[in-house]
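Notes follow once the structure below has been shown.
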Amino acid sequence: MNLSHSETNTITIIKLDGSILGGPDAAALKDKVHELIEKKVKNFILDIKSVKNMNSSGLGMLMASHATIRNAGGHLKIAGASKKIENLFVITRLTNVFELYPTVKKAVESFSK
């Protein structure tokens, strides 16, 4: 998994690329989230448009990030999930936990509502 981030107004977009399989990937995302929270970032979007595969460890990694962000008073939204990965969220009922948006633009717009 590759990870990069950018900022737009009061929202930080973390772009994930490749496969989300936990392990070292989990540490990289956790470290980035903690680094950004220390900088007082509150609004996050995970752009997973380029993610090809995700397993249960990857879902756990996203859940941990969600909890960390929420405990810091922030919000996390997911953008760009493929149908395959969106179905994974539906099957595991994580659509009750995460807000999913088809695009980063739609996720950004949702923060102003």
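Here is a check on your reading of the model: is GLY60 in contact with a Phe, Trp or Tyr (Cβ under 8 Å, 6 or more places away or on another chain) and surrounded by fewer than 19 Cβ atoms within 10 Å (Cβ to Cβ)?
no
Conditions (1) acidic (Asp, Glu); (2) modelled with pLDDT under 90; (3) under 18 Å from ALA72 (Cβ atoms), marked per residue:
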position	(1), (2), (3)
ASN2	no, no, no
HIS5	no, no, yes
THR8	no, yes, no
THR12	no, no, yes
LYS15	no, no, no
LEU21	no, yes, no
ASP25	yes, yes, no
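Check the range 33-47 and report whether any residue there is aliphatic (A, V, I, L, M), surrounded by fewer than 19 Cβ atoms within 10 Å (Cβ to Cβ) and more than 20 Å from LEU3 (Cβ to Cβ).
no
Regarding ILE85, is this residue out of contact with any Asp or Glu (no Cβ under 8 Å at 6 or more places or on another chain) and surrounded by 15 or more Cβ atoms within 10 Å (Cβ to Cβ)?
yes
With respect to LEU100, determine if the residue is among the aliphatic types (A, V, I, L, M) and touching a Ser or Thr at 6+ places or on another chain (Cβ under 9 Å).
no
The values are calculated or read from the model by the stated rules, or taken from the named source; none is laboratory data. Keep in mind it's a predicted model, so treat the numbers as computed, not measured. All Cβ positions, even for glycine, are placed from backbone atoms using ideal geometry, and neighbour counts span all protein chains on display.
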